[in-house]
1. How much length is gained if the chain between residue 128 and residue 60 is pulled fully straight, taking 0.36 nm per residue apart and subtracting their Cα-Cα distance, in nm to one decimal?
2. Looking at region 32-107, what % of the alpha carbon pairs are farther apart than 22 Å?
3. Bin width 10 Å, alpha-carbon pairs only: give the P(r) of region 81-171 as whole percents, running from 0 to the bin holding the largest distance.
4. For the chain, with the dipole built from +1 on Lys and Arg beta-carbon atoms and -1 on Asp and Glu ones, taken about the Cα centre, which of 3, 68, 133 lies farthest toward the positive end?
5. Given 0.36 nm per residue, what is the gain on full extension from residue 168 to residue 106 after removing their alpha carbon distance, in nm?
6. Placing +1 at every Lys and Arg Cβ and -1 at every Asp and Glu Cβ, with all other atoms neutral, what dipole size does the chain have around its Cα centre, in debye to the nearest 20?
7. By how many nm would the segment from residue 10 to residue 152 lengthen if fully extended, with 0.36 nm per residue of separation less the alpha-carbon distance?
8. What would the Debye equation give as log₁₀ I(q)/I(0) for the chain at q = 0.08, 0.09, 0.17, 0.19 Å⁻¹, counting only Cα atoms as equal point scatterers?
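Just so it is clear, none of the values below were taken in a lab; they were calculated from the coordinates. Bear in mind the structure is a predicted one, so any value in this text is a computation, not a measurement. Please note: Cβ atoms are built from the backbone with ideal geometry, for glycine as well, and neighbour counts cover all protein chains shown.
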Amino acid sequence: MSTKFKVNLAGSNVELKENKVVIKGKEGEMEAEIRYPFLKVEKKDDTLFIESEKDNKFQKAIAGTFAANVKNIIKGVNEKYTAELELVYMHFPASLKLNGNKVIVENFVGERKPREILVPEGLKVDVKGNKILITGIDKYKVGQLAGMIESKIQVKNKDRRVFKDGVFITKKP
């Protein structure tokens with residue numbers, strides 16, 4: 001007995017290659033690698049079936065995780081993921097800039113040296129006033145960049161109850 005997961009392809013073009021599932025949509029193309037030999041992936045009509053060899057806990061978990069990753073990729077290639085962040089300051093007027101592939105925060109808590117964060121390939125970042133919008137087809141890259149910006153632009157070595165400055169995620173992907 002084995003566990004089967006169904007994934008609706010929802011207008012996406014899916015190709016099965018050796019150990020990869022290549023998914024194309026109107027926003028772009030991504031692939032998911034099948035890393036475990038016990039996973040069987042089949043495409044029938046508009047549905048992708050992901051099946052494990054055995055019905056044990058580990059193989060069920062891996063098959064379910066792979067199905068969830070494929071669903072995230074299908075959503076990403078059809079409609080991009082977005083994350084929103086907001087710069088909050090109380091003591092010193094900080095400013096946000098976008099310079100090429102870097103997000104720059106100047107005058108954060110009165111610091112002379114600006115803080116810079118590199119934007120990975122495949123992501124688009126827009127800065128509007130005190131808001132940062134991150135868009136991309138890869139949910140994990142969008143979330144990773146949002147988390148990295150939030151963690152790099154926060155107050156350190158000061159009382160958090162007094163210095164509530166920082167960049168905070170307001171909408172997750």
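1. Once the chain is fully extended between residue 128 and residue 60, it gains 20.1 nm.
2. On the way: 1481 of 2850 pairs.
So the portion of pairs separated by more than 22 Å is 52 percent.
3. Values per bin, smallest distances first: 17, 53, 25, 5.
4. Sorting the options by dipole projection puts first 133.
5. Working: separation 62, 0.36 × 62 = 22.32 nm, distance 1.61 nm.
Stretched out fully, the residue 168 to residue 106 stretch lengthens by 20.7 nm.
6. Values: 34 positive and 24 negative charges, 112 e Å.
With only Lys, Arg, Asp and Glu charged at Cβ, the dipole is about 540 debye.
7. 47.4 nm
8. Debye intensities relative to I(0), on a log10 scale: -0.36, -0.44, -0.95, -1.09.
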